[in-house]
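Input: a single structure, listed below in structure tokens.
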Amino acid sequence: MDEQDYVDLQTLLAKLRVICLKEVGNPDISTTDRERNFKLIRNIDNIRNKMPLKAGDGIIELIK
């Protein structure tokens, strides 16, 4: 994955997180939908915070 792909991925995850947060704040949605959005937010946070990456030479790689 090159650096631009990584930036694009982070941007998309941030946008999805914002959409989920807006849904959670909507008082008209069901409890089931609210809980599903909380799970998505937790998953997004885990992907963004716990993905072991190594950057170098304009390329970002997963650490195995």
* **Cα long-axis angle, helix 3-25 against the chain (0 to 90 degrees, to the nearest 10)** => 10
* To do: Run the accessible area of the chain with a 1.4 Å probe and give the carbon-and-sulfur part as a rounded percent.
  => 55
* **Whole-number accessible area per residue in Å² for the chain, which is evaluated in the context of all protein chains at 1.4 Å** => 78
* Asked: For Rg and Dmax of the Cα atoms in Å, which listed value, [x] 10.6, 29; [y] 11.5, 37; [z] 14.8, 48, comes from the coordinates shown?
  -> [z]
* Asked: What is the calculated FRET efficiency for R42 to E3, with r their C-beta to C-beta distance and R₀ = 35 Å, to the nearest 0.05?
  -> 0.85
* Structure fact -> If amide H atoms are modeled at 1.01 Å from N in the peptide plane, then the residues at a separation of 5 or more from I60, or on another chain, having amide H under 5 Å from its own are D2, E3
* Asked: According to a simple spin-label model (label point 7 Å from Cα along Cα-to-Cβ), what is the distance in nm between A14 and I63?
  -> 2.3
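The values are calculated or read from the model by the stated rules, or taken from the named source; none is laboratory data. Not measured: the values here are computed from a predicted model. Quick reminder, even Gly has a Cβ in these numbers, built from the backbone with ideal geometry, and neighbours come from all protein chains shown. Note: areas computed on protein heavy atoms with side chains; ligands, DNA, RNA excluded. Shrake-Rupley method; radii C 1.70, N 1.55, O 1.52, S 1.80 Å.
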